[in-house]
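Nothing in this text is a laboratory measurement; each read-out follows from the coordinates by a stated rule. Owing to the predicted nature of the structure, the values given are computational and were not obtained by experimental measurement. FYI the Cβ positions are ideal-geometry reconstructions off the backbone, even for glycines, and counts take in every protein chain you see.
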Amino acid sequence: MSELAVALSLPDTLESDLIRIRRELHAHPEVLFDVDHTTTLIIGLLRKWGLEVQSGVGKHFGQGVVGILHGAEDGETILLRADIDALPIQEEHDYAYASRREGYMHACGS
């Protein structure tokens, strides 16, 4: 088990699943109004993990996705937010999961 998995008490399978998902999204970047692959993947994962899913969310282009995890008891609420669209930047890395779409990449954290 990796140091990250131990620190977060995550099983190796979850860590490897999250890495695989990140690499899938990185390899297939979509921009602003064209995020069908990304939202389909996110919706499928959230449902697989047992979350309530709301799709078609957002004032600007209606491509947002919300996953709601209900706790067993009343309490505080936590919100996690992430942008899902890529940027019009040419990928210059040669990773196996590098962008396969010419002129676009997920550049956050690069």
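The list [x] 2, 9, 17, 18, 16, 15, 11, 7, 3, 1, 0, 0; [y] 2, 8, 6, 6, 5, 6, 5, 5, 5, 4, 5, 4, 4, 4, 3, 3, 3, 3, 3, 2, 2, 2, 2, 2, 1, 1, 1, 1, 1, 0, 0; [z] 2, 10, 17, 18, 20, 17, 10, 4, 1, 0 gives values of P(r) over Cα pairs in 5 Å bins from 0, in percent, and only one came from this structure; which label was calculated from it?
Calculated P(r) over Cα pairs in 5 Å bins from 0, in percent: the matching label is [z].
Net charge near S16, counting Lys/Arg +1 and Asp/Glu -1 over other residues with Cβ under 12 Å of its Cβ?
Cβ neighbours under 12 Å give a net charge of 0.
Given the peptides 28-40, 56-68, arrange them by the average over their residues of other C-beta atoms within 10 Å, most packed first.
Ranked by mean Cβ neighbours within 10 Å, highest first: 28-40, 56-68.
What distance in nm lies between label points placed 7 Å from Cα along the C-beta direction at V57 and D17?
Computed distance between label sites V57 and D17 equals 2.0 nm.
What are the ³J(HN,Hα) couplings of the stretch 50-55, residue after residue, when phi is run through the Karplus curve with 6.51, -1.76, 1.60 and θ = phi - 60°? Round to Hz, x for glycine and proline.
x, 8, 6, 10, 10, 10
Show that you can apply the helix-only estimate: for the chain, add -39,500 (n - 2.57) for every DSSP H stretch of four or more residues, divide by all residues, and state [θ] at 222 nm to the nearest 500.
Counting only the DSSP helices, I get -10000 deg cm²/dmol.
Work out how much length E24 to Y97 would gain on full extension: take 0.36 nm times their residue separation and subtract the Cα-Cα distance, in nm to one decimal.
Using 0.36 nm per residue and subtracting the Cα-Cα distance, I get 25.6 nm.
Out of residues 5 or more away from V31 or on other chains, whose amide H comes under 5 Å of its own, with H placed 1.01 Å from N in the peptide plane?
A86
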